[in-house]
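What follows is one structure encoded as structure tokens, with my remarks underneath.
The values are calculated or read from the model by the stated rules, or taken from the named source; none is laboratory data. These numbers come from a predicted model, not from an experiment. Here the Cβ positions follow ideal geometry from the backbone for every residue, glycine too, while neighbour counts run over all protein chains shown. In case anyone asks, the SASA skips ligands and DNA or RNA and just uses the protein heavy atoms, side chains included. Shrake-Rupley method; radii C 1.70, N 1.55, O 1.52, S 1.80 Å.
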Number of protein chains: 2
Amino acid sequence: MLNMRSVAGDLTTQARIRDVAIERFPKDGFAGTTVRAIAAAAGVSPALVLHHFGSKEGLHRACDEHVVQMTMEMKREAMETGTYRESGAIAATYKLAEPALRYLAWTLGTGSETAARIFGDFVDDVTVQLVEGQENGLINEYHGDPRQQAAVLVAMQLGGLLLHDHLTQAFGVDMLSAEGLMAAAPYALQAFSGNLFDKEIMAQTKQAIEQLQPTGDTEQRATR
Amino acid sequence: MLNMRSVAGDLTTQARIRDVAIERFPKDGFAGTTVRAIAAAAGVSPALVLHHFGSKEGLHRACDEHVVQMTMEMKREAMETGTYRESGAIAATYKLAEPALRYLAWTLGTGSETAARIFGDFVDDVTVQLVEGQENGLINEYHGDPRQQAAVLVAMQLGGLLLHDHLTQAFGVDMLSAEGLMAAAPYALQAFSGNLFDKEIMAQTKQAIEQLQPTGDTEQRATR
DNA sequence: CTCCCGACTAAACGAACGTTTAGCATGCTG
DNA sequence: CAGCATGCTAAACGTTCGTTTAGTCGGGAG
């Protein structure tokens, strides 16, 4: 059964093709990445790519599955060591390899079902942390629905992941590395500490939000 | 000079083509959107698209420019009415039309130069707000560099924009509408208020971040 | 040894792509 | 009126795409 011909760097040819695709798809998009380019980068013929994955879309699905699986594995490890809860769930993603992180960010930006699943899983985790944290006294009382609060927190955290290129430029450190996380996280903590924004501006903002026109139909703007 | 042939809905044919492209590019990606599809949706021939914009890439540039211009216009208006400062800069983007917002989110997800410019502009704005706010007492004392703090805040805020599809699902309200902003913003404010996270978990998280392995070369993970 | 299955390639397929060319219709200008 | 620039289309260009087909090679099973 283990009858693979060429094995370079202890990776199956199939896995090598998939890893190349995981690197390329976020870079040039799905349609912008050609089967021929993937094959060339993996050192195989274009036909072999389709032999292993059925079609280009099949390769896409395989990439999604693999990244999701790696993400879950990362989560499990982070939960065992305790860093998952402490780092607010998503920050622990730095343990993933950079290509997988870029792929994750790319997928989340698309409206795919995989993206919805990943986002939903994170929200589930943070919701649990919120509810359990309140029982443990780690989370103070709050208004509203825990799941909606969790969704906002997840979106905030993932913002750093999706915009890692820009944060990398702002910080001068690769934001997908541990150094980047160590550089940026204190600022996130400072924002959440309540020490940054004064009560006055918070009240002003709250009022401004409440006074928004509920429906944008009267003063709707055209794309013109 | 104003010699345009067909004018439907008071928009130039050229503007109509560009608006169609602004809708399509985020949906299917740049490579995934064909000139023929844009032309068909705009009710013109494919050749006319290239006649007006030179090439597909030229159309892309025109879309970028137009969205950037609309964003700046939105900013200027929000500054005049005061909502820009109060809403933390980016939240005011809801005033943009939905296609433009989707395009903005799509562009920010790419590593394009336009994205870097937009992100940088937002960071500039928030940096100024941070510095001026401290003088006015609206921002309390904080540690670190104001520009880096601003970058983290912008990334957090834009996270909601980039992940609007998922937030929309979580809230049951279109997150690119005023209703969506009104629904989600209180949760963001609650997170920033310092009332959500207890001091203990904040300290735990801070410690966990500091104890990360500085360089990930020893335990580096492969994409395998 | 023979047979066979799976990894793998070379070559070709039709379709669809971005772009070009030639030309038509319209309206402004002199 | 003639002349010309402009908005616009139809048709075709060459290229490149995803995919298919036919076939080679090599190890494992009988």
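Take a quick pass over the protein assembly as shown and tell me how many lysine pairs come in under 21 angstrom between Cα atoms, counting only ones 8 or more apart or on separate chains. Value for the protein assembly as shown: 14. Across chain B, C-alpha contacts under 8 Å between residues 6 or more apart give a mean separation that, scaled by the residue count, equals a relative contact order of 13 percent.
Compute the accessible area of each residue in segment B:189-208 twice, once for its chain alone and once with every protein chain present, using a 1.4 Å probe on heavy atoms, and list those whose area falls by at least 50 Å². Those are B:Leu189, B:Gln190, B:Phe192, B:Leu196, B:Phe197, B:Asp198, B:Ile201, B:Met202, B:Gln204, B:Thr205, which lose 50 Å² or more relative to the chain on its own.
At a 1.4 Å probe, what is the % contribution of carbon and sulfur to the accessible area of segment B:103-190?
50
Between the helical axis of B:146-162 and the longest alpha-carbon principal axis of chain B there is an angle of about 50 degrees.
Partner shielding of B:18-31 amounts to 2, given as the average count of beta-carbon atoms from other chains within 10 Å of each residue beta-carbon. Computed on segment B:13-162, the Cα convex hull volume stands at 103 Å³ per residue. Summing Cβ point charges (Lys, Arg +1; Asp, Glu -1) relative to the Cα centre of segment B:13-162 gives a dipole of roughly 800 debye. Shortest first, B:Glu80 label-point distances to identical copies amount to 6.1 nm, with the label point at 7 Å from Cα along Cα→Cβ.
Summing charges over all other residues whose Cβ lies under 12 Å from the Cβ of A:Ala105, with Lys and Arg as +1 and Asp and Glu as -1, gives 0. Think of segment B:13-162 as having a plus end and a minus end, set by charges on the Cβ of Lys, Arg, Asp and Glu; of B:Gly137, B:Ala97, B:Ile118, B:Ala97 sits farthest toward the positive end of this dipole.
Computed about the Cα centre, the dipole magnitude for segment A:103-166 is approximately 180 debye when only Lys and Arg (+1) and Asp and Glu (-1) carry charge, each at its Cβ.
Treating each Cα of the protein assembly as shown as one equal point scatterer and applying the Debye formula with no solvent, the log10 of I(q)/I(0) at q = 0.07, 0.10 Å⁻¹ comes out as -0.38, -0.76. Per residue, the accessible area of chain B comes to 49 Å², computed with a 1.4 Å probe over protein heavy atoms only. Relative to the dominant Cα principal axis of chain B, helix B:113-136 is inclined by about 40°. Converting phi to 3J(HN,Hα) with the Karplus coefficients 6.51, -1.76 and 1.60 and the offset θ = phi - 60°, segment A:26-39 yields x, 6, 10, x, 5, 5, x, 9, 8, 4, 4, 5, 4, 4 Hz in sequence order, with x at every glycine or proline.
Every Cα-Cα pair of segment A:129-188 was included, and the share exceeding 20 Å stands at 42 percent.
Each other copy holds its own label point for B:Gly137; taking that point as 7 Å from Cα along Cα to Cβ, the gaps run 3.5 nm, nearest first.
Taking the charge dipole of the protein assembly as shown about its Cα centre, with +1 at Lys and Arg Cβ atoms and -1 at Asp and Glu Cβ atoms, the residue from A:Gly32, B:Pro146, A:Met202 reaching farthest to the positive side is A:Gly32. Helix B:98-109 and the longest principal axis of the C-alpha atoms of chain B enclose an angle of approximately 60°. Partner shielding of A:115-126 amounts to 2, given as the average count of beta-carbon atoms from other chains within 10 Å of each residue beta-carbon. For the chain pair A and B, the interface hides roughly 7800 square angstrom of accessible area in total, found with a 1.4 Å probe.
Taking θ as phi - 60° and the Karplus parameters 6.51, -1.76 and 1.60, the scalar couplings of segment B:72-78 work out to 5, 5, 4, 4, 4, 5, 5 Hz in sequence order, x denoting glycine and proline. So the label point sits 7 Å from Cα along the Cα-to-Cβ vector; using that for B:Gly32, what distances do you get to the other copies, in nanometres, sorted shortest first? From this label point to the equivalent ones elsewhere in the assembly: 1.2 nm. Rounded to the nearest 20 debye, the dipole magnitude of segment B:131-220 is 100 debye, with +1 charges on Lys and Arg beta carbons, -1 on Asp and Glu beta carbons, and the Cα centre as origin.
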